[in-house]
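The values are calculated or read from the model by the stated rules, or taken from the named source; none is laboratory data. These figures come from a predicted structure and were not determined experimentally. Ideal geometry is used to build each Cβ from the backbone, glycine not excepted, and the neighbour counts take in all protein chains shown. What goes into the accessible areas is simple: the full protein's heavy atoms, side chains included, and nothing from ligands, DNA or RNA. Shrake-Rupley method; radii C 1.70, N 1.55, O 1.52, S 1.80 Å.
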Amino acid sequence: MSDLTQDSDAGVIGTGTHLSNLPTVDPSAEPSAEVPVDGSARLSNLPARDTPDPSAPPIRVVNLRKSFGELEVLKGINLTVERREVVCVIGPSGSGKSTLLRSVNMLEPPTSGEVLIEGINMCDPDVNLDLVRARIGMVFQQFNLFPHMTVLRNVTIAQQKVLKRSKAEAERVAAEMLARVGLTEKLDVHPSQLSGGQQQRVAIARSLAMNPDMMLFDEPTSALDPELVGEVLEVMRDLAKSGMTMMVVTHEMGFAREVGTRLIFMDDGVVIEEGDPREVLANPQQARTQSFLSKVL
């Protein structure tokens, strides 16, 4: 069975890269000399439009609008996420928060406006999206693991096909990342043998193995049994403590209060209120925020 065979629900891997865009190379082969492996090396000899600006914020969204037919779901969003920030986005279903997150790495191309990742304009038709996405880890509601592959292979495949790492190097990094999320003993099992919480931790390890500059989380605990939520949130807490820049769409108010550096409340495609999570949750200023929080706290 091909490495790219999978169930229909898993359209993208942890970098946000579509599987159809992965190059068809031998995963056991050594990386080509022409292809940078990872880190700063993979940024050398890039066109100016694809080169990150170290002085720019990791994420900047400017007047972002997104429509599906006649339905406008994002209505002029402006947002900046600075380095080491943990920005938590909350709001009712249908408020546009997941669409906003997916627009950051262009899984949902905006109708208008701009998305800049480390100064790179993702809306530039000539920009190399997959190259930029390789620096953005993304964790989805569903785990999107390859069911026919072992845990180890799930964490190595994107490293080899996107970063061109050798099999040995990819396996070394995978083992380190799986140890980081507490799954050292699960390298050789298949996803069906794991709990939902364990599968989501594999998905996080897969993203971390790509050496991302930032992480996007789209309601990562919403598909989990309540008793499994804590183990995923603990991994995310550790990431935040390590200084990872994070943007998190979540219903976990305790996590937002404890870990978040900024809280954004969205409704009907706009940002209604934002500020320090503890202040917004304890004393919301906008009536719509008050109404929402009165139902979830």
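With each label modelled as a point 7 angstrom along the Cα→C-beta vector, the H190-D124 pair spans 4.4 nm. Full extension of the chain between S166 and T150 yields a length gain of 4.0 nm, computed as 0.36 nm times the residue separation minus the alpha carbon distance. Taking all protein chains as shown and a probe of 1.4 angstrom, M149 keeps an accessible surface of around 10 Å². Summarising the label geometry, the points placed 7 Å from Cα in the beta-carbon direction at S93 and N63 lie 3.4 nm from one another. Using the Cβ-Cβ distance between T80 and R49 with R0 = 22 Å, the FRET efficiency computed as 1/(1 + (r/R0)^6) comes to roughly 0.60.
Dipole check for the range 68-128: with +1 at the C-beta of Lys and Arg, -1 at the C-beta of Asp and Glu, and the Cα centre as origin, the magnitude is about 300 Debye.
Assuming R0 = 25 Å, what is the FRET efficiency of E258 and S291, from their Cβ-Cβ distance, to the nearest 0.05? That gives a FRET efficiency of 0.60.
Structure note, pairs K97/K241; K167/K241; K75/K161; K97/K295: Cα-Cα distances above 27 angstrom occur for K167/K241; K75/K161. Neighbours of G243, meaning other residues whose beta-carbon lies under 13 angstrom from its beta-carbon, give a summed charge of 0 when Lys and Arg score +1 and Asp and Glu score -1. Can you bin the range 93-224 into rounded, prolate or oblate? Criterion: square roots of the alpha carbon gyration tensor eigenvalues sorted a ≥ b ≥ c, rounded for a/c under 1.5, prolate for a/b above b/c, oblate for the rest. Because a/c hits 1.5 or more and a/b fails to exceed b/c, the range 93-224 counts as oblate. The listed residues C123, C88 rank as C123, C88 when sorted by accessible area, largest first, using a 1.4 Å probe. At a Förster distance of 30 Å, what's the computed FRET efficiency of E72 paired with A282, Cβ-Cβ distance as r, to 0.05? My answer for the efficiency is 0.40. When peptides 70-81, 263-274 are sorted by average Cβ neighbour count within 10 Å, with the highest value leading, the order is 263-274, 70-81.
Per-residue surface analysis assigns F140 an accessible area of about 20 Å², computed on protein heavy atoms at 1.4 Å probe radius.
Extending 7 Å from the Cα toward the beta-carbon at both V270 and D225 defines two label points whose distance is 4.3 nm.
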